[in-house]
Amino acid sequence: MIELTDISKTFQAGQPNAFMALEGITLSLPLGRMTVFAGPSGSGKTTLLSIIGGMARPTTGRIRIGDHEITSLPERFLSDLRRNRFGFIFQDHHLIRGITVLENVMLPAYPLGQDRRLLKRRALELLAGFQIEDKARFPVEWLSGGQQQRVSVARALINNPETIIADEPTAHLDTDLARQFLEIMTGLVKGGKTVLIGSHDPLVFGWKGVNRVVHLRDGRIVGKKMKGRPACG
Amino acid sequence: MNPAVLALSFGGILACIAAGYGTQLGIAILRRWNLTSGSERQLALERKTYLVSVLLGWVMIFEFLSLFMFVHTADHLHALFVGAMCAAGTLTVNEYGYPALILKILNAVLCGLWMLINHADTRAPDYPLIRVKYAAVLIIAALLVIENGFQLGYWMHLNPNVITSCCGILFSTGGQTVAADLAHLPPAGTMMVFFASLMGVVGMALCFYRTGRGARVLAVMSGWFFILALTSILSFISVYIYQLPTHHCPFCLLQREYGYIGYPLYGSLLIGGIAGMGIGVLDRFKGIDSLTAVIPKIQHRLCLTVLIGFAIFGGIAVYPMIFSDFKLIGY
């Protein structure tokens, strides 16, 4: 279980332009499920995903993953946590231009110092799983948007993380490609991964594989819905 | 003004300001630190402690280096004072010189130990030594302010009209100081105690390196050897390096005529001494859950540092005894 207790995040705290992006978020997220944070632009989805993934620190509150409290971790431990427990998929993919697809996928594993041959084999297996193995030697900028999305999913999985965090993953995809992406996420959940998605795309939070939808607005939870159950405030 | 004096003065003032900031955070941590709380204040303290620990780490490194810079500068200034031949004479120009030096040595040791505690603390995920670390900052910050007060007092009261004494007088048999008394301890007896202690501390370090036992004994022996080695430099090591039976000055070793041999001599002793004492300090915390795996690794590396540091020191001390024609026997 990922447990969030009274999470808030204020940018420019103490300044005249202080902005509270999240306020009093208390939530329990089950592991091995797909949860979608839905809400309009500026509702706090990205901030919340960043905090859960250890990429940002909250202004107040704590997050526990299983037995481990993560918000108080010193940076060196937080880096290890990000590398080992989370895989990130971004709206703009954030692939590195000028290097190959294979190198992009292998990149997050380099700090772990694994055997390069084993790492390469694993990266190729992941690319094969997404039907883009033949593009492994191509510079990443040669790929289409959908192919780049699959490369970014392969990259997120290279360290075999328990949790995949995807922020607006379908924003630049057409409906078919968005469905393909969601099929991949559903497959990952069936394989035991926890998937957390931030999206304002109805296709995403209406997807059959989604187990839970948490609606955010102005940094607050305005509704939680388990699939097949009525909404609650 | 001499550029080195300005650098030391401004560096010291900056160190005091940084230590003051660290003290402010230290008081807040000692009063309000509560890792179970998710309050804004607690999270702000957690974020600040990274910054302040890094800042204080640099202050400690500066403090360590400033000890050598201070002596070097005092030595460099000897030409301004009638009678002075090295830092020994320059530091007696006013009543602030030697207290500033002693405080700098003390602070260098304390800063070294603090850096070891900080290193151990940052290797655990739950800030196990945060209170100890910041309680120590309060003491070190106070000593830093006093030390820099003495240092500034020393620079401001340098009067070129004062006729001072050279090291030959200060460390002569007729000298009325503790240093003069130490310089004239019986060489044979001092050498015996020195070599017995050196062998003892190296033997204990080897034992600890292999078994991991005896950390606190090694720490006490390292502290003892650190003080004894300083005394031995006055008593016979300097004499062998100068090859002059009446020259006991601990500062001329830092001059070009003697190949600046004092810097590696004192540097290796200081590093070895701090590492040895640090093994004992850290041993007190190895029962903390998050440090049980961390501290033995640090102690192991520190033990290697003790062996290397004291081996270099011993090598420099022994070299002229073996390879020069000078023999102290009979003096």
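Figures for the structure shown
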item: Projected label distance in nm at B:Tyr209 and A:Lys208, using a 7 Å step from Cα toward the beta-carbon; result: 6.8
item: Cα lying deepest toward the dipole's positive end in the protein assembly as shown, options B:Ser268, A:Ile184, A:Thr26, charges on Cβ; result: A:Ile184
item: Antiparallel DSSP beta bridges within chain A, percent to nearest 5; result: 55
item: Overall form of segment A:173-224 per C-alpha gyration tensor (a/c, 1.5; a/b vs b/c); result: oblate
item: Scattering curve values for chain A, log₁₀ I(q)/I(0), Debye with Cα scatterers, q = 0.10, 0.11, 0.17 Å⁻¹; result: -0.46, -0.56, -1.28
item: Distribution of pairwise C-alpha distances over the protein assembly as shown, 10 Å bins, in %; result: 3, 14, 19, 17, 14, 12, 10, 7, 3, 0, 0
item: For residues of B:116-125, the mean tally of beta carbons on other chains within 10 Å; result: 2
item: Exposure proxy order (Cβ contacts within 10 Å, fewest to most) of B:Met156, B:Met204; result: B:Met156, B:Met204
item: Dipole magnitude (debye, nearest 20) for the protein assembly as shown, charges at Cβ of Lys, Arg, Asp, Glu; result: 1920
item: Of A:Lys120/A:Lys193; A:Lys9/B:Lys286; A:Lys193/B:Lys297; B:Lys133/B:Lys286; A:Lys9/B:Lys133, pairs whose Cα-Cα distance is over 26 Å; result: A:Lys9/B:Lys286; A:Lys193/B:Lys297; A:Lys9/B:Lys133
item: Three-way shape call for chain B based on the alpha-carbon gyration tensor, with the a/c threshold at 1.5; result: oblate
item: Listed residue (B:Gly200, A:Gly39, B:Ser37) projecting farthest to the positive dipole end of the protein assembly as shown, Cβ model; result: A:Gly39
item: Per-bin percent of Cα-Cα distances, segment A:117-225 [10 Å]; result: 13, 43, 32, 10, 2
item: Overall dimensions of segment B:87-142 by Cα: Rg and Dmax, Å; result: 15.9, 51
item: Length-normalised contact order of segment B:240-331 in % [C-alpha pairs under 8 Å, at least 6 apart]; result: 36
item: Mean separation of Cα contacts under 8 Å, 6 or more apart, over the residue count of chain B: relative contact order %; result: 18
item: Chain A: angle of helix A:75-85 to the longest principal axis, Cα-based, in degrees nearest 10; result: 60
item: Spatial separation of Cα centroids for segment B:110-151 and segment A:107-148, in angstrom; result: 47
item: Charged-residue dipole, Cβ positions (Lys, Arg, Asp, Glu), segment B:213-331 about Cα centre, Debye nearest 20; result: 340
item: Euclidean distance between Cα centres, segment B:27-48 to segment B:253-304, Å; result: 31
item: The protein assembly as shown - share of DSSP beta bridges that are antiparallel (%, nearest 5); result: 55
item: Rh (Kirkwood; distinct C-alpha pairs) - segment A:156-198, Å; result: 10.8
item: Positive-pole candidate from A:Gly209, B:Thr190, B:Ile130, dipole of the protein assembly as shown, charges at beta carbon; result: A:Gly209
item: Label-point separation in nm, A:Asn84 to B:Ile27, each point 7 Å along Cα→Cβ; result: 4.0
item: Segment A:1-153, relative contact order in percent, only Cα pairs under 8 angstrom and at least six apart counted; result: 20
item: Cα-centre dipole for chain B with unit charges at Cβ (Lys and Arg positive, Asp and Glu negative), debye to 20; result: 980
item: Kyte-Doolittle mean at least 0.5, axial Cα span of 27 Å or more - DSSP H helices of chain B; result: B:3-32, B:40-76, B:97-122, B:130-156, B:187-211, B:262-283, B:294-323
item: Projected label distance in nm at B:Tyr263 and A:Ser144, using a 7 Å step from Cα toward the beta-carbon; result: 6.6
item: Global form of segment A:8-138, assessed from the alpha-carbon gyration tensor, a/c cut-off 1.5; result: prolate
item: Residues A:Asp92, B:Asp126, B:Asp75 arranged by fewest to most Cβ contacts within 10 Å; result: A:Asp92, B:Asp126, B:Asp75
item: Surrounding net charge for A:Gly192, when Lys and Arg each add one and Asp and Glu each subtract one, Cβ distance under 15 Å; result: +3
item: Backbone N under 16 Å from the A:Gln114 label point (7 Å along Cα→Cβ), restricted to segment A:151-180; result: A:152-164
item: Cut-off under 5 Å, modelled amide H: who pairs with A:Val222 long-range; result: A:His215, A:Leu216, A:Arg217
item: Residues B:Tyr242, B:Tyr134 arranged by fewest to most Cβ contacts within 10 Å; result: B:Tyr242, B:Tyr134
item: C-alpha long axis of helix A:116-129 to longest principal axis of chain A, angle in °; result: 80
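Throughout, read-outs are computed from the coordinates displayed, never taken from laboratory work. Being a predicted model, the structure only gives us computed values, none of them experimental. A quick note on method: Cβ atoms are made from the backbone with ideal geometry, for glycine too, and the neighbour counts reach across all protein chains shown.
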